[in-house]
Amino acid sequence: MPVTHPVAPGVADADVLRRQDPEMADVLLAERDRQAGTLQLIAAENFTSPAVLAALGSPLANKYAEGYPGARHHGGCELADAAERLAVQRARALFGAEHANVQPHSGSSAVLAAYAALLRPGDTVLALGLPHGGHLTHGSPGNFSGRWFRFIGYGVDAETGLIDRDQVRALARAHRPKAIVCGSICYPRHLDYAFFREVADEAGAYLIADAAHPIGLVAGGAAPSPVPYADIVCATTHKVLRGPRGGMILCGAELAERVDRAVFPFTQSGAQMHTVAAKAVAFGEARTPAFAAYAHQVVANARVLGDRLAAQGLAVTTGGTDTHLLTVDPAPLGVDGRTARGRLAAAGLVLDCCALPHPDARGLRLGTAAVTTQGMAEPEMALIAELIGGVLREETGVTRARSLARGLAEAFPPYPG
Ligand SMILES: *Cc1c(COP(=O)(O)O)cnc(C)c1O
């Protein structure tokens, strides 16, 4: 099989770059080696396929295609139209949605467009508070969301770590929001979309599901779909879904036009057509039985990792996970989240800090999407948990931990060949 990874050594593209710009070629090859030589446990990351990378490196990168298929503001868009139509058809079929917009440049752009479609500046929005795992676009004062809307935050129960439904209902009754947002950057459990729909209906609010994280599990049948419940579903294509960096919006036929206008021309102009093509490639992969098996293995791996981390003495929020991600508190091992992240990074285990149910402390967020793409399964999750426990208790020295992490990563190359 020919290797098509655009920055792999010995490949034509890499040679072209090296001849012209060795400085940048060194950076890209070093990044490739970093990704392949350490353990990627960042819950939002994955390894796209060589086919997705090939689409990203294709000449569609050169094409301007403002507008939508059949109605562009530029000439020469026949093939850009074909690429976008494929992406839209595949997204609609994959998620059972009446309408899909595949142009948002990122997850945040998708959320911005959803707000633009449904809200006016000053409107009240109910969303998971940032100290409990809400995303920047769910009301951060430094983000357009917090600047332009009045966000009310709901939270999770300090004991169970589960979304406090009574609070959601009470806040919806008290504040009568124009929209309710469900979705998080670190909630490890499935969301009860029917519950949020019911609360939204009672309050006369729109329901926006920000499914940036779980949408790949939804595609693989390993998580419930928000599509039947939410007025608008926002998503990313680069997390568990394993496509190119980018966003996507799904909705019913009645909001289709508003959503399309909110993306173009309201919040974006020219779509990145090479990325749109790569999204289509990823959707094509996601409809295969192999991807469904992958999505289920991601969850199985996260469950084992959670069990084994608990056995190592870390406090696993909500007692486990339904998804690809876990949040854990390393405090029982005598180390806080930030220190733990630094110690693990030095050992070649790459992960993030995150909110905990008691927002005074920071925890660790881990995800299994990337290591599962590499082919790791339950036995490797047990090894990773052991490594994490050993590093955090300072029983395993940095040099030894680093070589163990490298050995494990290199046994499962993300781009074999
Ligand atoms: C990742 C994420 C986003 C934003 O995605 P970007 O592509 O980084 O803009 C938005 N919402 C949630 C819940 C996310 O997890």
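What follows draws every value from the coordinates through simple rules; no lab data is involved. On a predicted model such as this, the values are computed, not experimentally measured, just so you know. Cβ: placed from backbone, ideal geometry, glycine included. Neighbour counts: every protein chain shown.
Some points to look at:
- Inter-site label distance for Glu198 and Glu66 at 7 Å from Cα along Cβ, in nm: 4.7 nm
- Gyration tensor verdict on the range 59-286 (Cα atoms; rounded if a/c is under 1.5, prolate if a/b is larger than b/c, oblate otherwise): prolate
- Spherically averaged projected area of the range 289-410 from its Cα convex hull (nm²): 6.8 nm²
- Loop-resident sites, the range 134-202, for GluC sites (Glu not before Pro), counting at most 10 other Cβ within 10 Å (DSSP): Glu159
- Here the ratio of the Cα radius of gyration of the range 353-397 to 2.2 N^0.38 Å is 1.41.
- Amide H contacts of Asp352 (H built 1.01 Å from N, under 5 Å, at least 5 apart or other chain): Ala43, Arg365
- Viscosity 1.567 mPa s, 4 °C: Kirkwood-radius Stokes-Einstein D of the range 185-285 over Cα pairs, µm²/s: 89 µm²/s
- Listed by chain and number, the aspartates and glutamates whose C-alpha is less than 13 Å from the C-alpha of Lys178, apart from same-chain residues fewer than 8 away, are Asp123, Asp201, Glu202, Asp231.
- Unpartnered cysteines - no second Cys beta carbon under 4.7 Å - across the chain: Cys77, Cys182, Cys234, Cys251, Cys353
- With each label modelled as a point 7 angstrom along the Cα→C-beta vector, the Ser269-Arg120 pair spans 2.8 nm.
- Three-way shape call for the range 17-133 based on the alpha-carbon gyration tensor, with the a/c threshold at 1.5: oblate
- Packing-based exposure ordering (other Cβ within 10 Å, fewest first) of Phe151, Phe412: Phe412, Phe151
- Computed from the Cβ-Cβ distance with R0 of 25 Å, the FRET efficiency linking Arg19 to Ala51 stands at 0.45.
- For a label point 7 Å along the Cα-to-beta-carbon line of Ser140, residues of the range 323-365 with backbone N under 17 Å: 352-356, 362-363, 365
- Take the convex hull of the alpha carbons in the chain; its mean projected area over all directions comes to 20.2 nm².
- Cross-link reach list, lysines versus Lys279, counting only Cα pairs under 23 Å and skipping chain neighbours closer than eight places: Lys63, Lys239
- Estimated [θ] at 222 nm from DSSP helical runs (n ≥ 4, -39500 (n - 2.57)) normalised by residues in the chain, nearest 500: -13000 deg cm²/dmol
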